[in-house]
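Inspection log for the structure reproduced underneath, given as structure tokens.
No lab work stands behind these numbers, since they all come straight from the coordinates. Every value quoted in this text rests on a predicted model; they were computed, and no experiment measured them. Counting neighbours? That spans all protein chains shown, and the Cβs are built from the backbone with ideal geometry, glycine included.
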């Protein structure tokens, strides 16, 4: 199953969606315990953002952007299609994976999402060049497509750039 | 789910919203209108935006629910409304509270406790009338964050998350003020499924 690319910027990328853009513009999303997977190709000035919800698809056939294992592969594929080059040479940034409530026992889902993405990116040979993960608060994420700079804002703790 | 069970679930959540509304009115000493009362199955991306998708923070309280029906209960309002609520409860002029100190947080937490327990008691009375397991809330947790991230975290607390999610969504308006708040219950899908497969009562308890 493929995900329709979201070539325009503006609307936040919803849970399970993947957005791609090149040249200029801003890709935005909000994440709590989900993780924003940001892939950036400096050579093509192109960015892809997946709003990842769970660590593994485990046979589920929903939108590939929802699961860490399918989101990495699908975002790479969409970016390659979008720029028309199979050798996109991109790097990754990870934002999110918070534990805003702690009513469930066991390892928090946010931590599991981050660990799964790290493992899959490593397997795909994509270097992680920045991350702002964990904590107990949600984050607003804005990716500047022209530069690859990621601005991460919270309601209580200001903003940071990656 | 059988027709009888679905009718009983709808009745339970409706009664919960009504009792929550009545408890809020009594707690505030003002009339409260129940302006939205829906039980709906939504795609997860739509469910994540029921508190809004803007940049302005919301604040409120979350309670983890366990027992016969598990899930997460969330009472949320925008900043201005929630601070106004704190002013009302602290018996101080409107506009006095401008930031979230201990007193303001306590006022919202206590409100969530009262409204949430009234809601859950109503659910319990209808769904588990002869079940001593009951429905148990955790202590409320205060939070202030982006609407989309609050709702996303509430959904992610569910252990069996699918592509769609059942939400019980209520909105209360307090007469004579601009205050409105939202009560959202995200039932655990597995628990609800178990309930749904119970034999339905021939005549739902109303």
Using just the helices of chain B, give the 222 nm mean residue ellipticity in deg cm²/dmol: DSSP H runs with n ≥ 4 each add -39,500 (n - 2.57), and the total is spread over all residues, rounded to 500. -13500 deg cm²/dmol
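Which of B:21, B:46, A:102 has the fewest other C-beta atoms within 10 Å, and how do the rest follow up to the most?
Details: B:21 24, B:46 15, A:102 12.
Listing B:21, B:46, A:102 from fewest to most nearby Cβ atoms yields A:102, B:46, B:21.
With both bridge residues required to lie in the stretch A:18-161, what share of the DSSP beta bridges run antiparallel, to the nearest 5%? Walk me through the numbers before you get to the answer.
Working: 31 of 37 bridges.
Approximately 85 percent, going by the DSSP bridge assignments.
Applying 1/(1 + (r/R0)^6) with R0 = 30 Å to the Cβ-Cβ distance of residue A:129 and residue A:56, what FRET efficiency is obtained, to the nearest 0.05? List each step's numbers first, then the result.
Values: r = 24 Å, r/R0 = 0.80.
That gives a FRET efficiency of 0.80.
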Viscosity 1.002 mPa s, 20 °C: Kirkwood-radius Stokes-Einstein D of the protein assembly as shown over Cα pairs, µm²/s: 100 µm²/s
Computed log₁₀ I(q)/I(0) - Debye formula, equal Cα scatterers, no solvent, the stretch A:38-86, q 0.13, 0.21, 0.26, 0.31 Å⁻¹: -0.30, -0.68, -0.89, -1.10
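Quick check on the exposure proxy: order B:8, B:41 from fewest to most C-beta atoms within 10 angstrom. Display every interim value, and only then the final one.
Values: B:8 22, B:41 10.
With the sparsest Cβ surroundings first, the list reads B:41, B:8.
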Cα-based equivalent ellipsoid, the stretch B:6-139: semi-axes from gyration tensor eigenvalues, Å: 27, 18, 14
When the helices in chain A are scored as -39500 (n - 2.57) per DSSP H run of 4 or longer and the sum is shared across all residues, what 222 nm value do you end up with, to the nearest 500 deg cm²/dmol? -6500 deg cm²/dmol
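With 10 angstrom as the radius, rank B:39, B:90, B:9 by how many other C-beta atoms surround their C-beta, starting from the fewest. Present the calculation step by step, with values, prior to reporting the outcome.
On the way: B:39 20, B:90 14, B:9 23.
The order, fewest Cβ neighbours first, is B:90, B:39, B:9.
For chain A, would you read off the P(r) tail past 18 Å as a percentage of all alpha carbon pairs?
Tail of the P(r) past 18 Å holds 53 percent of the pairs.
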With labels modelled as points extended 7 Å from the Cα through the Cβ direction, what inter-label distance (nm, one decimal) is found for residue A:11 paired with residue B:35? 2.6 nm
Inter-probe distance in nm under a simple model that places probes 7 Å from Cα toward Cβ, at residue A:43 and residue A:136: 4.5 nm
Label-point separation, residue A:91 to residue B:90 (7 Å along Cα→Cβ), nm: 4.6 nm
Taking a spot 7 Å from the Cα of residue B:10 along the direction of its beta carbon, which residues of the stretch B:152-175 have an amide N less than 19 Å from it? B:165-171
Inter-chain shielding metric for B:139-149, i.e. average beta-carbon neighbours from other chains within 10 angstrom, reads 6
Taking the alpha-carbon centroid of each part, what is the distance from the stretch B:65-86 to the stretch A:23-54 in angstrom? 31 Å
